[in-house]
Amino acid sequence: ALAEFMKFGKEYAGQVIRNAKALAKALYEKGFNVVGKHKGFTESHTLVVDVSGFKDTVGLGGDIEKLLEKAGIIVNRNLLPWDSSEGRSYINPGGIRLGASEVTRIGMKEREMKQIAEFIARIVVDGESPEKVRKEVAEFRKDYQKVHYCFNSVTEAYEYIEIP
């Protein structure tokens, strides 16, 4: 793991952040209230979306987490700082959290973040069936089966680093 970090770490981390920013921007453009817009949305692998505006149509963070999971899209419900004053708890908070690490690891870049945002918006904003979108998510995912930013064999790490 350390050898891979030494070899691929900067490139991988940079792409993760570019992907997280691209996903945040694409979700924002689809009508989501992405936290931190005034600061460029994120400087890390994660982004947070305030989904409380959808409480009357599809629900809150816990509801949306389950709905997206039915479509093969994994997000986490996320408490927002003001949730407790709104009477919300960790069970069904006002936010969701998305990360870009794993999709980056399988070779996705900024262009694919736009497609992911489109899938999410079709379910949450447009009210499309998660089962219908799931088929398209599975088809989309077929092109991303290889792990990137890593050595391709167990011996490559040892060849990369000379051990005295």
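So for segment 38-49 (the condition being over 23 Å from Tyr149 (Cβ atoms), part of a helix (DSSP H, G or I) and open to solvent by 60 Å² or more (accessible area, probe 1.4 Å)), does at least one residue qualify?
Yes, because at least one residue in segment 38-49 is over 23 Å from Tyr149 (Cβ atoms), part of a helix (DSSP H, G or I) and open to solvent by 60 Å² or more (accessible area, probe 1.4 Å).
Would you list the helices (runs of 4 or more DSSP H) that sit entirely within segment 60-145 and hold 2 or more residues that are at pLDDT 95 or above, under 30 Å from Phe5 (Cα atoms) and of a type outside the set (Asp, Glu)? Walk me through how you get there before you give the answer.
On the way: elements: 61-70, 101-105, 110-124, 130-141.
Output list reads 101-105, 110-124, 130-141.
Residues of segment 3-36 being touching a residue at least 12 places away in the same chain (Cβ under 8 Å) and of a type in the set (A, V, I, L, M), which ones?
If the condition is that a residue be touching a residue at least 12 places away in the same chain (Cβ under 8 Å) and of a type in the set (A, V, I, L, M), then Ala3, Met6, Val16, Ile17, Ala20, Ala22, Leu23, Ala24, Ala26, Leu27, Val34, Val35 are the ones that fit.
Please work out if Ile17 is of a type in the set (Val, Ile, Thr) and open to solvent by 60 Å² or more (accessible area, probe 1.4 Å). First the steps, then the outcome.
Numbers: of a type in the set (Val, Ile, Thr): yes; open to solvent by 60 Å² or more (accessible area, probe 1.4 Å): no.
In short, no.
Quick check, is Tyr149 over 25 Å from Phe32 (Cα atoms), surrounded by 18 or more Cβ atoms within 10 Å (Cβ to Cβ) and over 14 Å from the mean Cα position of the chain (by Cα)?
Details: over 25 Å from Phe32 (Cα atoms): yes; surrounded by 18 or more Cβ atoms within 10 Å (Cβ to Cβ): yes; over 14 Å from the mean Cα position of the chain (by Cα): yes.
Yes.
Search segment 71-104 for residues being of a type in the set (Ser, Thr, Tyr) and open to solvent by 40 Å² or more (accessible area, probe 1.4 Å), and hand back the single one that is nearest to Lys21 (Cα to Cα).
Tyr90
Name the pairs whose Cβ atoms lie under 7 Å apart, with the first residue in segment 47-64 and without any contact (Cβ under 8 Å) to a residue 40 or more places away in the chain, the second polar (S, T, N, Q) and outside any loop (DSSP other than H, G, I, E, B), and 6 or more positions between them or separate chains?
Gly53/Asn33; Leu60/Ser52; Gly61/Asn78
Lys135 - would you say it is within 16 Å of Lys25 (Cα to Cα) and open to solvent by 90 Å² or more (accessible area, probe 1.4 Å)? Outline the logic, then answer.
On the way: within 16 Å of Lys25 (Cα to Cα): no; open to solvent by 90 Å² or more (accessible area, probe 1.4 Å): yes.
No: the conditions fail for Lys135.
Any residue in segment 110-130 that's of a type in the set (Phe, Trp, Tyr): show its pairings with residues that are open to solvent by less than 10 Å² (accessible area, probe 1.4 Å) and modelled with pLDDT of 95 or more at Cβ separation under 6 Å, as long as the two are six or more apart or on different chains.
What qualifies is Phe119/Val133.
The values are calculated or read from the model by the stated rules, or taken from the named source; none is laboratory data. None of the values given here were measured: they were computed from a predicted structure. Because the Cβ atoms are built from the backbone with ideal geometry, glycine has one as well, and the counts that use them run over all protein chains shown. Remember, those area values only see protein heavy atoms, side chains included, never the ligands or the DNA or RNA. Shrake-Rupley method; radii C 1.70, N 1.55, O 1.52, S 1.80 Å.
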